[in-house]
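Presented below is the structure to which this report refers.
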Amino acid sequence: MKPLTLEEVVSATEGTCDRSTLPGSVTRVTTDSRDVKPGDLFFAIRGERFDGHQFIGEAFASGAMAAIVRHDFQWASPLMETPEAAKIPPDAILIRVDDTITALGRLGRYCRLRLLEAVTVVAVTGSNGKTTTKSMIAHLLSERWKGRASIKSFNNNIGVPLTLLSVEPSDEFVICEVGTNAPGEIAELARLIEPEVAVITGVSEAHLEGLGSLEKIADEKLSLLKFLRPGGCAILNHDCEAVAAGLKRDRAFNKIKKVTFGRNPDADLRLTAYAPKVSPGADGQLTGSVEFTINDRFQYCLAVPGRHNVSNALAAIAVARRFGMDHEEIAARLATFTLPPMRLETLRVGRLTLINDAYNANPASLAAAVDVLQDMKAPRRRVLIVGDMRELGSESERLHREAAEKIAHAGVQMVVAVGERAKLVAQTVKQASGGAIETHAFGTTETARKRLTSYLRPDDTILIKGSRALGLEKLAEQIRGWAETRGSRGSASRQVAHRDSERSGPATGRLASPSR
């Protein structure tokens, strides 16, 4: 982070401090007391399980220069249920604010307006593919320029300010992932970011519980464009009808420069050829790649499977072109791209192939994952372990039923459903497939763990997909252990393939903020 004096911090956060003079500057901000380094500014933020105010003493013991606290914080208040209060040094600098999360946002905005004028800011949002697209953009741009992107899926009102505040003096770009599950959240974050480039990967039926309808989801995502800086550019998915309809509803979008991508023949970057190549290799490694062509001219190879990843790549290519990279340079860089773990993370154990996509799920990302499973050259059975899709509100039953009907025709031989909608999914798959697909239903992940492996075979190709709250990665761990104990040949090896992020944030005090 570029240096900020403590006086600037007080002013930017609209805080107060009982010190008449505030010596020194800070070059780093953290919300995790375990991560504090000498000279840091610690924000005490209340999370679901812990309150950062309980760890202020620990932060100062690690060398924090100052701490941002709520205005009503008292060293000996009921808030301090641990002896941490005794650890706070008498000369500790406490900057008091009305709300520490709001103050973090204010400091992030101050950083954007005062310190990042020479930095190009890219914002990425969408119902699916945010993290993947963000990572691809960062990979492409880092060939020429120095910069950074939000870590993991830090895309909420804590993660976005921290991303802005993490920018170093030598950085030339920063990529912010922006998420939402309630109206107005993207606009609030966009106000902090003021991007020069805004990417919308697409809009689908996710977070219906909080946003209400597909139309409202589109309007929420499109609100990012209202905070583009003058001369900025929007990168949009031309195949998404909800985005197109949203653009027509607001004439203000007519003035924005747009670059479109997709299969639509009118798209600026058109996908004109696509060839998936996914197969297990003889050495135990799983190889997966996609070859595709843009505008019948420019050929690319992406070393991860899935048509949805090609869509993400088109968005990343559009951003790289906006930065001035040519197609040949982009193609060479894209061919070396690998994805973060835990989303379509593929593991080969002997003859068994396990694809762990248990990070999160909505109807569109589930369909994309099933497409990848269908593309797999499975020697025996394709097995889908599918968990509930959360936050779908009143549309949950309909969307689970529709997803199950599609699964029934996706070349899967067995479906294991987990969660509150497990019986509905299993029954719908059984009925829609005419009984051709073996199905099992479990109400909880723990129940599934007790019986799952009794249904598996050592040469299965297995995909696990479900909402994060179910913790289906536990099933991945169990399956791996089961396969290894059965004497599978060769050592376990993994290759990252894909992951689509949902909303989440960095640590607050000791615990990461809620995944949303």
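Helix 473-485 sits at what angle to the longest principal axis of the chain, using alpha carbons and giving 0 to 90 degrees rounded to 10?
For helix 473-485, the angle is close to 50 degrees.
Give, in whole angstrom and from largest to smallest, the semi-axes √(5λ) of the equivalent ellipsoid of the chain, with λ running over the eigenvalues of the Cα gyration tensor. Mind dumping the intermediate values first?
Values: eigenvalues 324, 165, 92 Å².
Working through the eigenvalues yields semi-axes of 40, 29, 21 Å.
Can you send over the solvent-accessible area of T30, 1.4 Å probe, protein chains only, in Å² to the nearest 10?
10
Hey, for a label at K406 modelled as a point 7 Å past Cα toward Cβ, could you say which residues of the range 187-213 have their backbone N under 15 Å away?
202-207
Starting from the Kirkwood radius over alpha-carbon pairs of the range 102-257, derive D by Stokes-Einstein at 25 °C in a medium of 0.890 mPa s and give it in µm² s⁻¹. Walk me through the numbers before you get to the answer.
Numbers: Rh = 15.4 Å.
Taking Rh from Cα pairs, D becomes 159 µm²/s.
Give me the Kirkwood hydrodynamic radius of the range 343-385, using the inverse of the mean 1/r over all pairs of distinct Cα atoms, in Å to one decimal. Walk me through the numbers before you get to the answer.
Numbers: mean 1/r = 0.0904 Å⁻¹.
It is 11.1 Å.
Can you work out ³J(HN,Hα) from phi for every residue in the range 368-373, in order, using Karplus 6.51 cos²θ - 1.76 cosθ + 1.60 and θ = phi - 60°, giving whole Hz and x for Gly and Pro?
For the range 368-373, the Karplus-derived couplings read 5, 5, 5, 4, 5, 4 Hz, x marking Gly and Pro.
What GluC sites (Glu not before Pro) in the range 372-429 are in a loop by DSSP, with at most 16 other Cβ atoms within 10 Å of the Cβ?
On the way: sites: E391, E395, E397, E402, E405, E420; in loops: E391, E420.
Taking the range 372-429 and a limit of 16 other Cβ atoms within 10 Å, the loop GluC sites (Glu not before Pro) found are E420.
Taking the Cα-to-Cβ direction at H327 and at K423 and moving 7 Å from each Cα, how far apart do the two end points lie in nm?
5.6
I'd like to check one number: the per residue accessible area of the chain, probe 1.4 Å, reported in Å² as a whole number.
Values: 20760 Å² over 516 residues.
Here the per-residue accessible area is 40 Å².
Is the shape of the range 175-220 rounded, prolate or oblate, going by the alpha carbon gyration tensor and its root eigenvalues a ≥ b ≥ c, with a/c under 1.5 for rounded and a/b larger than b/c for prolate?
Details: a/c = 2.47, a/b = 1.70, b/c = 1.46.
Since a/c reaches 1.5 and a/b is larger than b/c, the shape of the range 175-220 is classed as prolate.
If the cut-off is 30 Å between C-alpha atoms, which lysines fall inside it for K450, apart from same-chain ones fewer than 8 positions away?
Those lysines meeting the cut-off are K377, K406, K423, K430, K465, K474.
Report D for the range 376-436 in µm² per second (integer): Stokes-Einstein, Kirkwood Rh on Cα pairs, 25 °C, 0.890 mPa s. The partial results should precede the final answer.
Numbers: Rh = 11.9 Å.
Estimated diffusion coefficient is 207 µm²/s.
Ordered by residue, what ³J(HN,Hα) values in Hz, to whole numbers, does the range 226-239 give under the Karplus form 6.51 cos²θ - 1.76 cosθ + 1.60, where θ = phi - 60° and Gly and Pro are x?
Here the 3J(HN,Hα) series is 5, 10, 4, 6, x, x, x, 9, 9, 9, 10, 7, 6, 7 Hz.
Going Cα to Cα from K216, which aspartates and glutamates come in below 19 Å? Please leave out same-chain ones fewer than 8 positions away.
Qualifying aspartates and glutamates at Cα under 19 Å: E185, E188, E205, D239, E241, D250, E391, E395, E502.
Would you grab the residues whose amide H sits under 5 Å from the one on D32? Only those 5+ places off in sequence or on another chain, please, with H modelled 1.01 Å from N.
G509
Return the carbon/sulfur percentage of the accessible area of the chain, one whole number, probe 1.4 Å, all protein chains in place. Mind dumping the intermediate values first?
Numbers: 9780 of 20760 Å².
Reported share for carbon and sulfur atoms: 47 percent.
Would you list C233, C17 from the most to the least accessible area, probe 1.4 Å?
Numbers: C233 0, C17 35 Å².
From most accessible down to least: C17, C233.
The values are calculated or read from the model by the stated rules, or taken from the named source; none is laboratory data. Being a predicted model, the structure only gives us computed values, none of them experimental. No Cβ is skipped: glycine too gets one built from the backbone with ideal geometry, and neighbour counts run over all protein chains shown. Just so you know, the surface numbers come from the protein's heavy atoms only, side chains and all, with ligands and any DNA or RNA stripped out. Shrake-Rupley method; radii C 1.70, N 1.55, O 1.52, S 1.80 Å.
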